[in-house]
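Colleague: Take this structure first; my questions come after.
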Amino acid sequence: MTPHRKTSRCYFWIGACLTALAFTSLSAQAQSTPNLPEQSKIINEELAKSWEAASLKPSKKADDYVFIRRAFIDIIGRIPTPEEVRDFAEYDKSPDKRVKLIKRLLYAKDYKPKGPNGGEIRRDPKDPKTALTFNYAAEYAQNFADVWNVWLLTRSQAHEAFREQTALWLEDQFSMNTPYDKFVTELITAKGKSNENGAVNFTAVHLGELNPRDKRITDGRFEAVPITARVSRLFLGIQINCIQCHDHPFNPEWKQENFWGMNAFYRQVQLDVRDPANPNNVGATEYPNFLRPNMNRKKDKVEMAKVVTVTDDTSLNPSTRVFYENRRMVILTSKPAFLPDLADLEKDASVPRKGYPNDGKKTRREVLAEYIVKHDNFARAAVNRYWSHFFGRGMNELPAPDDFGGHNKIIHKDLLDKLAAAFASGSQPYDIKKLIEWICCSDAYSLSYQANGLPEGKGGNSKADADAYFTRMPLKSMSPETLFESLETATRMDQATNKDAKREKKDRWMNLLIRNFGDDEGNEATFNGTIIQALLMMNGRDLDEEVRRSDSTVVKLMDRYLPTSGGPKGPINVTPDAPWKVIEDLYLATVSRKPSRTIMIQVPRLDPKGMPMKDSKGNVLTAPVTEEAFIKSRLDNLIKSGAKRDDLKAFYEDIFWSLLNTNEFILNH
């Protein structure tokens, strides 16, 4: 730690007090928004019905500063820059600005934020010809490639090399806006080499244990238990992992035979893994655990990992039968049979069997993919999963978006059915970007995270029972990937001159973040644990170095507002408001707002000698002051004391470091 970092301990508690989830909702409730998508209107209407039926009132509309940060994090996976915040929150006065922002983040490839006079912003004051430009469409594709990589492979169950191969394939799909049904079909049926078709890794990583050597022809190479459960959960929202061993305890319509009937579709998958440097060395057919992550994440250990080849071998499991044992230790068999539609399970009549024609025209996985995309819960599961990404939970009574069944009532059934029907139809069926647009343009997505302040039973929404009604936006922890991208944006790490050092730091940070955040199912850690672990990581040497880098955010802002005169030891001789502009930009760069004039914090009362006053019991006496007034008083005192440029730089770095270490920075609200 450098000597000046001692003062940061003081400002850290400042930041913790200033931004301890005390955000404000300044805007009035939404008026009628022009150019609102029709499906967004349906969301508004259906939720309004649910709110009235449940005697709940929605919270106020979040202000523009909160909204742009929320939309950026959810759609492109990072916080906005100060230029992007001002462009939206301060300079755009159009009544449909939020609708335009959502569309911009999904489709714009060369967006140029506007300055106060409506002109373009220069990327660098020293380069007056180059305008600041953003390719949001590419950032959207990269963000959802990260999101789906976790959903498909988890953070801890796949070797880093295979995760990178899959990410490249995913990014291509989202860049092309591949229809969701085709996207899922390719994931289920993918074959070939992983370095040529990253989609094969989804099947390869989850094939599970090898069957005994003497049964690999009759029963297939792999048991394929993990992939069976994961496909059903991911694409149908139905968790069948527990019926591997017995009938479902809460949903009696799901039988053990349903699991093994679906499992049979994977019994002809063949897997081969070869080292490019030694092509005759066959590894993974005998040792599938090689697909698991290399715990030593150094680049030279993973960059030349094996190449996976996935194929369908029709000589395997020729009888199509799969043997399994029930709880009474009776051996049973099942041929390929897909899960019945949920609507069929509700009827008294017998359920139609969806088997495998075995006519050689299609592979078992191709038939499976057709069944999945035609299942009556396919579109609903997709809508619920994306809804959960933006609202932190699905539309069911229980928050998990992928747990449909009789045990988990759908609170907003009409809304889910209508959105699913619209998603699966129209001129562009299964358009993922359109689905995101509908969700993010809804009134519910614009609501504040704060409770409405009304009493329970009279519209109040502060209790957990109200969460499933979406009357306010829940607080959501950033994913490790989004947290890193946001740190990179705030510290302008992407503009650092040493790109190799940046890459090494990213690998190191992501390793720490994933170890702190992730689990084997791709879920996040608990709410409080996530914050504590992230803060511990961020208080370390790496973050301190980014804050104090020679071309850091603070240095760039000082160069813009406080041009050097007299060198770093020279006096500060600028316009009166210039030092405050640096503070405003540091806030915009981290928490996407300016210092508040309404948030009150408690600060020590000082005696004439500048020492904290205490009561008779030795407790420090405090007085309330606004966030803006507190920071301004410290800044004014520093300047009046004759501070040099280096002193001011240390002060700004302390403020910056404090803001990066607050809950408000880490959380998406």
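The values are calculated or read from the model by the stated rules, or taken from the named source; none is laboratory data. Small disclaimer: the values here were computed from a predicted structure and weren't measured. Note that we place each Cβ from the backbone using ideal geometry, even for glycine, and neighbour counts take in every protein chain shown. Calculation scope for accessible area: heavy atoms of the full protein, side chains included, ligands and nucleic acids excluded. Shrake-Rupley method; radii C 1.70, N 1.55, O 1.52, S 1.80 Å.
Colleague: Which of the residues that make up segment 97-107 are open to solvent by 20 Å² or more (accessible area, probe 1.4 Å) and either under 21 Å from the mean Cα position of the chain (by Cα) or not basic (Lys, Arg) (or both)?
Modeller: Across segment 97-107, the qualifying residues are ARG98, LYS103, ARG104, TYR107.
Colleague: If you don't mind, there's one more thing I want to ask. Count, please, the residues in segment 178-217 that happen to be among the hydrophobic types (A, V, I, L, M, F, W, C), closer than 17 Å to VAL308 by Cβ and assigned to a loop (DSSP other than H, G, I, E, B).
Modeller: As a first pass, look at segment 178-217 and keep what is among the hydrophobic types (A, V, I, L, M, F, W, C): 183-184, 187-188, 190, 199-200, 202, 204-205, 207, 210, 217.
Cutting the leftovers down to closer than 17 Å to VAL308 by Cβ gives us 187-188, 190, 199-200, 202, 204-205, 207, 210.
Cutting the leftovers down to assigned to a loop (DSSP other than H, G, I, E, B) gives us 190, 199, 207.
Here the count works out to 3.
Colleague: Let me spell it out: the conditions are (1) surrounded by fewer than 21 Cβ atoms within 10 Å (Cβ to Cβ); (2) out of contact with any strand residue (DSSP E or B) (no Cβ under 9 Å at 6 or more places or on another chain), and ASP654 meets all of them except one. Which number is the exception?
Modeller: For ASP654, the failing item is (1).
Colleague: Is it the case that some residue within segment 153-161 is open to solvent by less than 20 Å² (accessible area, probe 1.4 Å), on the phi < 0 side of the Ramachandran plot and not in a loop (DSSP other than H, G, I, E, B)? Full working, then the answer.
Modeller: As a first pass, look at segment 153-161 and keep what is open to solvent by less than 20 Å² (accessible area, probe 1.4 Å): 153-155, 158-159, 161.
Next cut, on the phi < 0 side of the Ramachandran plot only: 153, 155, 158-159, 161.
After this cut, where a residue has to be not in a loop (DSSP other than H, G, I, E, B) as well, the list is 153, 161.
Checking segment 153-161: at least one residue is open to solvent by less than 20 Å² (accessible area, probe 1.4 Å), on the phi < 0 side of the Ramachandran plot and not in a loop (DSSP other than H, G, I, E, B).
Colleague: Pull up segment 469-524, narrow it to residues that are acidic (Asp, Glu) and over 30 Å from LEU47 (Cβ atoms), then point me to the one that is modelled with the lowest pLDDT.
Modeller: Of the residues in segment 469-524, the ones acidic (Asp, Glu) are 481, 485, 488, 494, 500, 504, 507, 519-521, 524.
After this cut, where a residue has to be over 30 Å from LEU47 (Cβ atoms) as well, the list is 485, 488, 494, 500, 504, 507, 519-520.
Details: GLU485: 91, GLU488: 91, ASP494: 71, ASP500: 70, GLU504: 75, ASP507: 73, ASP519: 46, ASP520: 43.
Of everything passing the filter in segment 469-524, ASP520 is modelled with the lowest pLDDT.
Colleague: Only one of PHE88, PHE72, PHE67 is touching a strand residue (DSSP E or B) at 6+ places or on another chain (Cβ under 9 Å), open to solvent by less than 30 Å² (accessible area, probe 1.4 Å) and either part of a helix (DSSP H, G or I) or not hydrophobic (A, V, I, L, M, F, W, C) (or both). Can you tell me which?
Modeller: Numbers: PHE88 fails: touching a strand residue (DSSP E or B) at 6+ places or on another chain (Cβ under 9 Å); PHE72 fails: touching a strand residue (DSSP E or B) at 6+ places or on another chain (Cβ under 9 Å).
PHE67 is the lone residue from the list that is touching a strand residue (DSSP E or B) at 6+ places or on another chain (Cβ under 9 Å), open to solvent by less than 30 Å² (accessible area, probe 1.4 Å) and either part of a helix (DSSP H, G or I) or not hydrophobic (A, V, I, L, M, F, W, C) (or both).
Colleague: Let me ask you something else. Is one or more of the residues making up segment 3-19 part of a loop (DSSP other than H, G, I, E, B), surrounded by fewer than 19 Cβ atoms within 10 Å (Cβ to Cβ) and modelled with pLDDT under 50?
Modeller: So in segment 3-19, the residues part of a loop (DSSP other than H, G, I, E, B) come out as 3-4, 19.
This time we only want the ones that are surrounded by fewer than 19 Cβ atoms within 10 Å (Cβ to Cβ), so: 3-4.
Those left that are additionally modelled with pLDDT under 50: 3-4.
Within segment 3-19, one or more residues are part of a loop (DSSP other than H, G, I, E, B), surrounded by fewer than 19 Cβ atoms within 10 Å (Cβ to Cβ) and modelled with pLDDT under 50.
Colleague: Restricting the search to segment 63-103, which residues are closer than 18 Å to LEU475 by Cα and aromatic (Phe, Trp, Tyr)?
Modeller: Result: TYR65, PHE67, PHE72.
Colleague: Please state which one of GLU257, GLU253 is closer than 22 Å to THR320 by Cβ and of a type outside the set (Lys, Arg).
Modeller: Numbers: GLU253 fails: closer than 22 Å to THR320 by Cβ.
Criteria check complete, one pass: GLU257.
Each row is one residue, and each column tells you yes or no for (1) touching a Phe, Trp or Tyr at 6+ places or on another chain (Cβ under 9 Å); (2) of a type in the set (Gly, Ala, Ser).
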residue	(1), (2)
PRO80	yes, no
GLU84	yes, no
ARG104	yes, no
GLY118	yes, yes
ASP127	no, no
ALA131	no, yes
TYR140	yes, no
ASN143	yes, no
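Colleague: Testing THR622 on (1) open to solvent by less than 40 Å² (accessible area, probe 1.4 Å); (2) hydroxyl-bearing (Ser, Thr, Tyr); (3) in contact with a Lys or Arg (Cβ under 9 Å, 6 or more places away or on another chain), one condition comes back false. Which one is that?
Modeller: So THR622 meets the others, but not (1).
Colleague: Also, I was wondering about something else. Being open to solvent by 30 Å² or more (accessible area, probe 1.4 Å), modelled with pLDDT of 85 or more, more than 24 Å from the chain's Cα centre (by Cα) and among the hydroxyl-bearing types (Ser, Thr, Tyr) is the requirement here; does SER462 meet it? Don't jump to the end; show me each part of the working.
Modeller: Values: open to solvent by 30 Å² or more (accessible area, probe 1.4 Å): yes; modelled with pLDDT of 85 or more: yes; more than 24 Å from the chain's Cα centre (by Cα): yes; among the hydroxyl-bearing types (Ser, Thr, Tyr): yes.
So SER462 fits the description; yes.
Colleague: OK, next. Any idea which residue in segment 465-489 is farthest from ILE76 (Cα to Cα), counting only those that are open to solvent by 30 Å² or more (accessible area, probe 1.4 Å) and in contact with a His (Cβ under 9 Å, 6 or more places away or on another chain)?
Modeller: The extreme case among them is TYR469.
Colleague: Another question, then. Does segment 243-272 hold any residues that are open to solvent by less than 60 Å² (accessible area, probe 1.4 Å) and out of contact with any helix residue (DSSP H, G or I) (no Cβ under 9 Å at 6 or more places or on another chain), and which are they?
Modeller: Of everything in segment 243-272, those that are open to solvent by less than 60 Å² (accessible area, probe 1.4 Å) and out of contact with any helix residue (DSSP H, G or I) (no Cβ under 9 Å at 6 or more places or on another chain) turn out to be GLY261, GLN270, ASP272.
Colleague: Provide a single number: the residues in segment 327-345 that are among the hydrophobic types (A, V, I, L, M, F, W, C), part of a loop (DSSP other than H, G, I, E, B) and either surrounded by 18 or more Cβ atoms within 10 Å (Cβ to Cβ) or touching a strand residue (DSSP E or B) at 6+ places or on another chain (Cβ under 6 Å) (or both).
Modeller: 2
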